[in-house]
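The values are calculated or read from the model by the stated rules, or taken from the named source; none is laboratory data. Just so it is clear, the model here is predicted, and its values are computed rather than measured. Because the Cβ atoms are built from the backbone with ideal geometry, glycine has one as well, and the counts that use them run over all protein chains shown.
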Amino acid sequence: MTISTKAQKELSLSWEWYEDRQQGLGDRFAATIMQQLEVIAANPETYSIKRKPFREAKASVFPFVIVYKIHARRKLIEVISIFHTFRNPSKKYK
């Protein structure tokens, strides 16, 4: 699994935001995202295609989706975005 620079930045900024609100909340957020990434890695086709070729997996508790695509030939999962669901959805796939 690869995680794009954009997704890494989104994860980091979101962690900081949650941690600023309450100590330890950023860590809970990161653990939730990491757990969801493990689920995706184990069964990448579990989640449906929302906009070809992108799939979305919702994070439990936090209002985020993980946007990813599967490169079948290379047997690789690429995480494109860790996207807050209250943001403008048109930015999700860029």
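Worth a mention:
- Filter result (β-branched (V, I, T), touching a residue at least 24 places away in the same chain (Cβ under 8 Å) and under 15 Å from F83 (Cβ atoms)) within region 1-38: I3, T32, I33
- The single condition among (1) touching a helix residue (DSSP H, G or I) at 6+ places or on another chain (Cβ under 8 Å); (2) part of a strand (DSSP E or B) that V61 does not meet is (2).
- Residues of region 54-68 satisfying the condition of being surrounded by 17 or more Cβ atoms within 10 Å (Cβ to Cβ), of a type outside the set (V, I, T) and out of contact with any Ser or Thr (no Cβ under 7 Å at 6 or more places or on another chain): F54, E56, A57, Y68
- Evaluation of F86 against (1) modelled with pLDDT under 95; (2) surrounded by 13 or more Cβ atoms within 10 Å (Cβ to Cβ) (one fails), failing number: (2)
- When I82 is tested against the conditions (1) hydrophobic (A, V, I, L, M, F, W, C); (2) in contact with a Leu (Cβ under 7 Å, 6 or more places away or on another chain); (3) assigned to a helix (DSSP H, G or I), the lone failure is (3).
- Flag if R51 is charged (D, E, K, R), touching a residue at least 12 places away in the same chain (Cβ under 8 Å), within 17 Å of F83 (Cβ to Cβ) and in contact with a Ser or Thr (Cβ under 7 Å, 6 or more places away or on another chain): no
- Given (1) loosely packed, with under 10 Cβ neighbours inside 10 Å; (2) on the phi < 0 side of the Ramachandran plot, index of the condition K75 fails: (2)
- Taken together, the residues in region 69-93 that are touching a residue at least 12 places away in the same chain (Cβ under 8 Å) and either closer than 26 Å to Y18 by Cα or out of contact with any Ser or Thr (no Cβ under 8 Å at 6 or more places or on another chain) (or both) amount to 13.
- Scanning region 1-38 for residues that are surrounded by 13 or more Cβ atoms within 10 Å (Cβ to Cβ), small (G, A, S) and not in a helix (DSSP H, G or I) yields a single hit, S4.
- When residues of region 54-70 are limited to those that are of a type in the set (A, V, I, L, M) and touching a strand residue (DSSP E or B) at 6+ places or on another chain (Cβ under 8 Å), the one farthest from F83 (Cα to Cα): I70
- Top-ranked residue of region 39-48 - restricted to ones that are free of Cβ contacts under 8 Å to residues at least 40 places away in the same chain and surrounded by fewer than 17 Cβ atoms within 10 Å (Cβ to Cβ), ranked as nearest to T85 (Cα to Cα): S48
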